[in-house]
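Participant: I'd like to ask you about the structure that follows.
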Amino acid sequence: MIDFELTPEQQEGIKAAHEAVKELFRPVSRYYDEHEHESPQELIDQIWKKRSEGIFNMGMDITSVLRIEELCWGDAGLFLCIPGPSLGGAAVFASGTKEQLQRFLGSFNEGEPKWGAMAMTEPGCGSDTSAITATATRDGDEWVLNGEKIFVTMGKRALEDSDGFVVVWATVDKSAGRAGMKSFVVPAGTPGMRVEKLEKKLGIKASDTATIIFDNCRIPFGNILGNPEVKKADKTATKGFKGAMATFDATRPIIAAQALGVGRAALDFVKEILEKEGIKIRYSAPRQKLTALERDIIEMEANYKAAKLLTLRALWMMSQLQPNNLESSMAKAKAGLAVTKITQKAVEIMGPLGYSRKYLLEKWMRDAKINDIFEGTGQINMLIVARRILNYSRDQLK
Amino acid sequence: MISFSPTEEQQMIVSMAKQFANDEVRKIYRECDENGEIPVSVIDTAWKMGLTSGSMPEEYGGPGGEHSAITGSLIGEELAWGDLSMTMHILCPALFAYPVLEMGTEMQKKKYLPLFCNEKYKAATAALIEPRFGFDPYSLSTTARPDGNGYVLNGEKCYVPLAIEADLFLIYAAENGKIQAFIVGKGTKGLEIGEREKNMGIKALATYELSLKNCRVPKENRLGSGKGCDFDRIMSCSRVALSAMATGVAKAAFEYSRDYAKERVAFGEPIASRQAIAFMLAEMAIEIDATRLMTWEAAWKLDRKEDATKEASLVKAYADDMAIMVTDRAVQILGGHGYVREHPVELWLRNGRGFVTFDGMAIV
């Protein structure tokens, strides 16, 4: 039965997350935006102490993702600072064995806070992840990693500030093309791995974005995720690559939800001011009677709703174990762009209040933009959608 | 609990509507558009499927199926994928029957609902839109003045589907500034039906101008009698229905232009293998899905008897834009071929542009 009712558990989860970030994130939101690379240590400690309450626990189910939207309503940068295996965890989850899940994710709730990260992008390849040049060479019981990875979200926190790990994508056999692409778990403190630099960014400044160098970095053979064998006979085989792509199917709706949180923060801000000014939006009035402002607000709200429902559908399909590659990309493409536009429009509408750093709106506009870029740019997601609806291979539609 | 899966019963009705749209409607829709006529036999076949009468309660002679806006949306999309004119014709009696079912007094239900439970199509309609610039359904120029034992209606209406053959009309008018609906029978003095309208699209659907000149109706003909009607809800039901139909029309245009783009070769490759075309199609697909989901959400609220004014208005505005965007692109993808009437996309563009004008011309 088609149903949009949230369970009591979901409603409570949303409410609790909302209250928590209102209290914990919002008051320090501006500070960490203006003090890039400064660790919100006190906040992390507080979050760590509250971890049994479940508010800050991550997951890919609808309930968790609804909570994630709320956390990002609070602050999208600080959201990324929440301890946990994050995208690295998603990769382990997508293609790891039971033993690996236990080994890499088992102790995340114990001891000191830890982070997980994912390293895919390189200076010479972004969206075209099959062009990865980092290498993994087998040497007895070990893999030897070499290469440079950039734009690793929370890379420093995972590897320098905690006992976390990073999932690295590297090729074990360049001649095998995509089939040679594998992912490896590299724990913090592994010799031969170092954090080279931190990016200075447009937004989500509370989160670190690191460059990581692998220089003859040795890890145990058992740290490879998925099948270590390369099917050489068939050069077009994409098994290794599929691991990465399966991860994206799971993570893209989450990014969409993160975007939605920022978008709604902006929408709420605008609506609050309009209400204070006594301006009512006449939703049901005919178009030609609407003011330009009303048209804008209606368009923003409708686009938010469109993105949200596409996101919920992608998540619901995953919960039903239905393939959701198309729907995940639809949600991500729509949410990334919709929220970018919503926040930019909000700054326009609010005029001096929007542009001023006295309020958070301009920050949300800067924060929102990343959602149209990471985990697949809007264009890459459009490409995926296009291939799916046309039933085209990557060679038929480049 | 969140779910995007229609019930088994809904899936059955949908597949029936889909088959009908594909096997019957798609065979003749171009001819109907050119001739401005829909064969009676098709309407009768559709009526026998019980798409409208199916939700009439047993006590009024119906099969007693559940009246659901979600089910109505699902049907509306499938039929409109076939053809919008025919969909609006087929579902036209609901414009009268559903408001009576939801808001009529016991007497009104007893008197009118059994008429919609017969084997034969029962033509009935509603008149909301007025022929003037700045038309606003919430501030009608048509008035209803209480007078003794009844009301006197005055005003002009347009886009009244099937006005010539309809036996019953639901006329929307302002009574002291509040919108009410009045049941007017065919031939009532002062109810004058004008010329058949000539529109850009929905050319197979017969619509008419209509005037009310001191048209007197008895007191008990006000929908809901003393209580009146819930006009917000009627508008929401209409906007949900039209959004569903916009989704169907857009889907038809999307599918056709997608298939064309895969076949049409330019510069040695199908044009679909170029991002300029592929990305247009991707955006069309995303927006169609988004509109459908928003339609379902608004319909879901209606089924829960909640106020869905905001959701229905949002999705209708979104659907209006989506329909013109998608149908225009479909024409664009076919290029010159899209402009000639040999292909259907120009028809869908003409129909797609209509949604922003259509208000109250369909209902779930």
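The values are calculated or read from the model by the stated rules, or taken from the named source; none is laboratory data. Remember, it's a predicted structure, so these values are computed and weren't measured experimentally. As a convention, Cβ positions derive from the backbone with ideal geometry for all residues, glycine included, and neighbour counts pool all protein chains shown.
Participant: Mind telling me which of the residues B:140, B:162 ends up being outside the structural domain of residue B:93 (by TED's automatic domain parsing), without any contact (Cβ under 8 Å) to a residue 60 or more places away in the chain and among the aliphatic types (A, V, I, L, M)?
Facilitator: After applying the criteria, what remains is B:140.
Participant: Among the residues of the range B:286-308, are any surrounded by 21 or more Cβ atoms within 10 Å (Cβ to Cβ), assigned to a loop (DSSP other than H, G, I, E, B) and within 12 Å of chain A (Cβ to nearest Cβ)?
Facilitator: Checked against the condition, which is being surrounded by 21 or more Cβ atoms within 10 Å (Cβ to Cβ), assigned to a loop (DSSP other than H, G, I, E, B) and within 12 Å of chain A (Cβ to nearest Cβ), the range B:286-308 yields at least one hit.
Participant: Looking at the range A:304-342, which of its residues are touching a helix residue (DSSP H, G or I) at 6+ places or on another chain (Cβ under 9 Å) and outside any helix (DSSP H, G or I)?
Facilitator: A:322, A:323, A:324, listed by residue number.
Participant: Would you pick out the residues in the range A:101-156 that are under 26 Å from residue A:377 (Cβ atoms) and of a type in the set (Phe, Trp, Tyr)?
Facilitator: A:115, A:151
Participant: A further question follows. Checking the structure you have, find out if any residue of the range B:198-207 is part of a strand (DSSP E or B), away from every other protein chain (no Cβ under 14 Å) and at pLDDT 95 or above.
Facilitator: yes
Participant: Test of understanding: among B:65, B:72, which residue is surrounded by fewer than 18 Cβ atoms within 10 Å (Cβ to Cβ) and among the small types (Gly, Ala, Ser)?
Facilitator: It is B:65.
Participant: Residue by residue through the range A:28-57, note down the ones that are at negative phi, touching a Lys or Arg at 6+ places or on another chain (Cβ under 9 Å) and surrounded by fewer than 19 Cβ atoms within 10 Å (Cβ to Cβ).
Facilitator: Hits for the range A:28-57 are A:30, A:34, A:35, A:36, A:39, A:57.
Participant: Here is a follow-up. Looking at (1) buried (at least 22 other Cβ atoms within 10 Å of the Cβ); (2) within 14 Å of chain B (Cβ to nearest Cβ); (3) at pLDDT 95 or above, find the lone condition where residue A:379 falls short.
Facilitator: (1)
Participant: At pLDDT 95 or above, in contact with a strand residue (DSSP E or B) (Cβ under 8 Å, 6 or more places away or on another chain) and not in a strand (DSSP E or B), is that true of residue A:156?
Facilitator: Spelling it out, residue A:156 is indeed at pLDDT 95 or above, in contact with a strand residue (DSSP E or B) (Cβ under 8 Å, 6 or more places away or on another chain) and not in a strand (DSSP E or B).
Participant: Of these, A:290, A:353, A:321, which one is more than 14 Å from chain B (Cβ to nearest Cβ), of a type in the set (A, V, I, L, M) and surrounded by fewer than 18 Cβ atoms within 10 Å (Cβ to Cβ)?
Facilitator: None of the others qualify; the one that does is A:353.
Participant: Could you please find all residues in the range B:1-55 being within 14 Å of chain A (Cβ to nearest Cβ) and either of a type in the set (Ser, Thr, Tyr) or under 23 Å from residue B:96 (Cβ atoms) (or both)?
Facilitator: Across the range B:1-55, the qualifying residues are B:3, B:5, B:7, B:13.
Participant: On to the next question. So which pairs qualify, if the first residue must be in the range A:195-206 and more than 17 Å from residue A:261 (Cα to Cα), the second must be among the basic types (Lys, Arg), the Cβ gap must be under 7 Å, and the two must be at least 6 apart or on different chains?
Facilitator: Qualifying pairs under 7 Å: A:195/A:156; A:198/A:156; A:202/A:366; A:202/A:369.
Participant: In the range B:255-279, how many are surrounded by fewer than 23 Cβ atoms within 10 Å (Cβ to Cβ), part of a helix (DSSP H, G or I), within 9 Å of chain A (Cβ to nearest Cβ) and not charged (D, E, K, R)?
Facilitator: 4
Participant: Continuing with this model, one more query. Only one of A:39, A:52 is at pLDDT below 95 and not in a helix (DSSP H, G or I). Can you tell me which?
Facilitator: A:39
Participant: In the range B:309-343, what residues are within 10 Å of chain A (Cβ to nearest Cβ) and not β-branched (Val, Ile, Thr)?
Facilitator: Within the range B:309-343, B:310, B:311, B:312, B:313, B:314, B:316, B:317, B:318, B:319, B:320, B:321, B:322 qualify.
Yes or no, residue by residue, for (1) over 19 Å from residue A:264 (Cα atoms); (2) away from chain B (no Cβ under 14 Å); (3) in contact (Cβ under 8 Å) with a residue 40 or more places away in the chain:
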{"site": "A:1", "(1), (2), (3)": "yes, no, no"}
{"site": "A:5", "(1), (2), (3)": "yes, no, no"}
{"site": "A:13", "(1), (2), (3)": "no, no, yes"}
{"site": "A:25", "(1), (2), (3)": "no, yes, yes"}
{"site": "A:39", "(1), (2), (3)": "yes, yes, yes"}
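Participant: Exactly one of these conditions fails for residue B:53: (1) at pLDDT 95 or above; (2) surrounded by 21 or more Cβ atoms within 10 Å (Cβ to Cβ). Give me its number.
Facilitator: It is condition (1) that residue B:53 fails.
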